[in-house]
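These notes are about the structure you will find just below.
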Amino acid sequence: MLEKLKNEKFIKKILLIFLVLQPFLDCYLLYSDTITNFFHFSPTTIIRFLIVAFLIILVFFNKDNIKTRKSLLIYGGIVIIYTILHFVTTYNYDIEIFPSFTYSVSAEIFYIARMILPICIIYITRNLKISKEETIKLFLTVTFIASAVIIIMNLLTISLTSYGGNNQIEGNLLSWFSTTRPDSRQLASKGWFNSANQISALFSMLLPIVMYSVFEKLKIKRVLTLCMCLLAMLMIGTRVSTIGWIPIYIVMTIIYIFNSCILKQNKFEIKKITCIIIVGLCYGVLFTYSPLVNSPESVDQVALDAYLAEKQIDLENMTVEEYLPFLAINEEFYDELYPYEEHKDFWYYVTKEVPYYKRGGNRNAQTLITADINANFKTAISPLFGLSYSRFENAKIYMEKDFFVHYYTIGILGILLFLGPYVFIVLCKLFKIVFKDRKLFNFYNITLLASLTLALGVSLVSGHVVDELIVSLYMGFISGIILKNVK
């Protein structure tokens, strides 16, 4: 048994099975109050911790990986130092001005540990001999499973809605074409997954690799997986998934043509391009019926002014309290999360001085409130170590814009430690294959870099991506493959 644990093929098999199972571990039932109250945490996270810890121990003590131990030990030492300083600087803040802005040592440790897991996957993957065929097979399988979950649950009308909590959809794919279709928010579906934002980011990251597989070998299974991926993205109904597939689809097609006709690295095959164009056109037509495209347009300043004029409402002469319902944000922000009675100066500033395009919408409200909290708590070193994740999470004000929110939660040093490796890998390896070693400039490496870049880009647009394991574990795996390919 000991010899088997040292066997690289065994370790690799465990890693690949673990990654294939991620869509099942993200089922919303495993994050429900019933489960979390019973275990006092989500069991899926503990499963992930245990498996990754097991794998990293096996890889670390493998005699073939002696040369890479030093880098991991140095990184681990830096993380420990950062964590101690993070706790010391964030523990003692005067929270009287914001009672719900509470600190939790356990939640903070849990969060930092969660951010480290994908970095561990980078190390594990970098030290294993995972072939291109195994990588493609992995992502095709993950795409097929995730897509099947969303499509089947949508057709059975048992899927969760992408918006508004864990409610079931009121219409399936066939309802898109009905003249009496339900509200678009009741049609957008995320299957059993915990968050539409995260699953949208996952599909955006998977799509380039699925398209690459079709360009590599035109097989029915691969084309079917591509079609399922695109349909699932339309069903999710977020802007990222519904609109994002179009530029990805176009750019990947251009890269294939450039790689085949200009670089001559692959044979240009008209049947592959024809297949891709036909699939793209079909989903382009379906796109016009999708939930997002047919959703009511958001209220803008012009529409708001017209409405106010029609109703003869004079905002200028209203009190701040009377003005609040016209901010176009969820009322819980000024009633519960950041109560007007306790923060009158802030809401006066928002209603009287902030233009509509900067305050309309819940995301703008989160940004404004977060900035105000930071202004109250900021110290000389808080930009380096943040104000803590647990405070913002407990206050239920956690911005949907990664990197920006991490500036407030883990600070600049935390961003460099936990998110910096992804950015470094993209920039460093892209520079190398473009300017240093053109032999490495191939369709496969560009696809992997594009996939990782898309995950980072989506995290800035939709948020709650890079610190969620359903996405970040795959980001870690892709990063490890890139490091292995582009040494």
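Which condition does LYS264 not pass, out of (1) more than 30 Å from ASP26 (Cα to Cα); (2) assigned to a helix (DSSP H, G or I), if it passes all the others?
(2)
Looking for whichever is among the β-branched types (Val, Ile, Thr) and closer than 19 Å to PHE287 by Cα here; the options are ILE150, ILE220, ILE262, ILE255. Which one fits?
ILE150
Quick one: would you say GLY284 is modelled with pLDDT of 80 or more and buried (at least 17 other Cβ atoms within 10 Å of the Cβ)?
no
Among ASP467, ASP402, which is the only one that is closer than 21 Å to VAL20 by Cα, touching a His at 6+ places or on another chain (Cβ under 8 Å) and buried (at least 19 other Cβ atoms within 10 Å of the Cβ)?
Every option except ASP467 fails the conditions.
So PHE87 fits all but one of (1) touching a residue at least 24 places away in the same chain (Cβ under 8 Å); (2) touching an Asp or Glu at 6+ places or on another chain (Cβ under 8 Å); what number is the exception?
(1)
For region 88-136, enumerate the residues that are over 22 Å from the mean Cα position of the chain (by Cα), outside any loop (DSSP other than H, G, I, E, B) and of a type outside the set (Gly, Ala, Ser).
VAL88, THR89, THR90, TYR91, VAL105, ARG126, LYS132, GLU133, GLU134
Give just the number: which of (1) more than 25 Å from the chain's Cα centre (by Cα); (2) surrounded by 15 or more Cβ atoms within 10 Å (Cβ to Cβ); (3) without any contact (Cβ under 8 Å) to a residue 24 or more places away in the chain does ILE169 not satisfy?
Exception for ILE169: condition (1).
Enumerate the helices (runs of 4 or more DSSP H) found wholly within region 323-423, keeping only those where 3 or more residues are closer than 30 Å to TYR474 by Cα.
362-377, 382-385, 389-394, 404-409, 411-418
Read through the list (1) in contact with a strand residue (DSSP E or B) (Cβ under 9 Å, 6 or more places away or on another chain); (2) β-branched (Val, Ile, Thr); (3) farther than 29 Å from THR242 by Cα, then give the number of the only condition that VAL149 fails.
Here VAL149 meets the rest and fails (3).
Quick one: in region 178-189, which of the residues that are hydroxyl-bearing (Ser, Thr, Tyr) and either surrounded by 18 or more Cβ atoms within 10 Å (Cβ to Cβ) or in contact with a strand residue (DSSP E or B) (Cβ under 6 Å, 6 or more places away or on another chain) (or both) is farthest from LEU292 (Cα to Cα)?
SER189
Out of everything in region 311-329 that is at pLDDT 75 or above and β-branched (Val, Ile, Thr), what residue ends up being surrounded by the most Cβ atoms within 10 Å (Cβ to Cβ)?
Top of the filtered list is ILE329.
Inspect region 190-212 for any residue being touching a helix residue (DSSP H, G or I) at 6+ places or on another chain (Cβ under 9 Å) and surrounded by fewer than 17 Cβ atoms within 10 Å (Cβ to Cβ) and give the result as yes or no.
The answer is no, given that none of the residues of region 190-212 is touching a helix residue (DSSP H, G or I) at 6+ places or on another chain (Cβ under 9 Å) and surrounded by fewer than 17 Cβ atoms within 10 Å (Cβ to Cβ).
Please enumerate the residues belonging to region 82-100 that are at pLDDT below 80, out of contact with any Phe, Trp or Tyr (no Cβ under 7 Å at 6 or more places or on another chain) and either surrounded by 15 or more Cβ atoms within 10 Å (Cβ to Cβ) or over 27 Å from GLU342 (Cα atoms) (or both).
Residue satisfying the conditions is PHE98 alone.
Here is a yes/no grid of residues against (1) in contact with a Gly (Cβ under 9 Å, 6 or more places away or on another chain); (2) farther than 28 Å from TYR474 by Cα:
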site: THR141; (1), (2): no, no
site: ILE145; (1), (2): no, no
site: THR161; (1), (2): yes, no
site: GLN186; (1), (2): yes, yes
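Could you tell me whether TYR474 is closer than 30 Å to GLN366 by Cα, touching a helix residue (DSSP H, G or I) at 6+ places or on another chain (Cβ under 7 Å), buried (at least 23 other Cβ atoms within 10 Å of the Cβ) and free of Cβ contacts under 8 Å to residues at least 60 places away in the same chain?
In short, no.
LYS439 - would you say it is more than 17 Å from the chain's Cα centre (by Cα), without any contact (Cβ under 8 Å) to a residue 40 or more places away in the chain, surrounded by fewer than 22 Cβ atoms within 10 Å (Cβ to Cβ) and not in a helix (DSSP H, G or I)?
When the stated conditions are applied, LYS439 does not pass them.
Going residue by residue through region 64-76, is there one that turns out to be exposed (fewer than 15 other Cβ atoms within 10 Å of the Cβ), under 30 Å from LEU30 (Cβ atoms) and either at pLDDT below 85 or aliphatic (A, V, I, L, M) (or both)?
Within region 64-76, none of the residues are exposed (fewer than 15 other Cβ atoms within 10 Å of the Cβ), under 30 Å from LEU30 (Cβ atoms) and either at pLDDT below 85 or aliphatic (A, V, I, L, M) (or both).
The values are calculated or read from the model by the stated rules, or taken from the named source; none is laboratory data. If you're wondering where the values come from, they're calculated on a predicted model, not measured in any experiment. A quick note on method: Cβ atoms are made from the backbone with ideal geometry, for glycine too, and the neighbour counts reach across all protein chains shown.
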